[in-house]
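The values are calculated or read from the model by the stated rules, or taken from the named source; none is laboratory data. On a predicted model such as this, the values are computed, not experimentally measured, just so you know. With ideal geometry, Cβ positions are generated from the backbone for all residues, glycine too; neighbour counts draw on all protein chains shown. Accessible surface is based on the protein model in full, side chains and every heavy atom, while ligands, DNA and RNA are left aside. Shrake-Rupley method; radii C 1.70, N 1.55, O 1.52, S 1.80 Å.
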Amino acid sequence: GLEEITPRRVQDTGNILKQGYLEKRSREPSFFGSEWQKRWCVLNRRTFYYYANEKSKQPKGNFSIEHYSARLAFHLRKDSRKRCCFELICPGKRTYE
């Protein structure tokens, strides 16, 4: 028969390069404009994962970082956090802010 495999949380894989909270701009603007959402983010050598919080078992989203690059993006915010803003970009794919 088929063996059931329990998916492991990314935090348990031991391949983490960086992890912590970031604010991610929502893909779809709301009535009030673009909203920033606090997300627990985990980066390993191949994939960027984001979760509702650090205790979440399933990611809200993830994407392969192959061909992505990062660049500072001071223009994204007008508040005191603007010096910490960056974009993850890849031609032909979604840009993450």
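On the protein heavy atoms, probe 1.4 angstrom, tell me the percent of accessible surface of segment 31-97 carried by carbon and sulfur.
Values: 2470 of 4910 Å².
Here carbon and sulfur together make up 50 percent of the probe-accessible area.
Can you tell me which lysines have their Cα less than 17 Å from the Cα of residue 82? Leave out same-chain residues fewer than eight positions away.
24, 38
What spacing in nm lies between the two simple spin-label points modelled at residue 15 and residue 90, each 7 Å away from Cα in the Cβ direction?
1.5 nm
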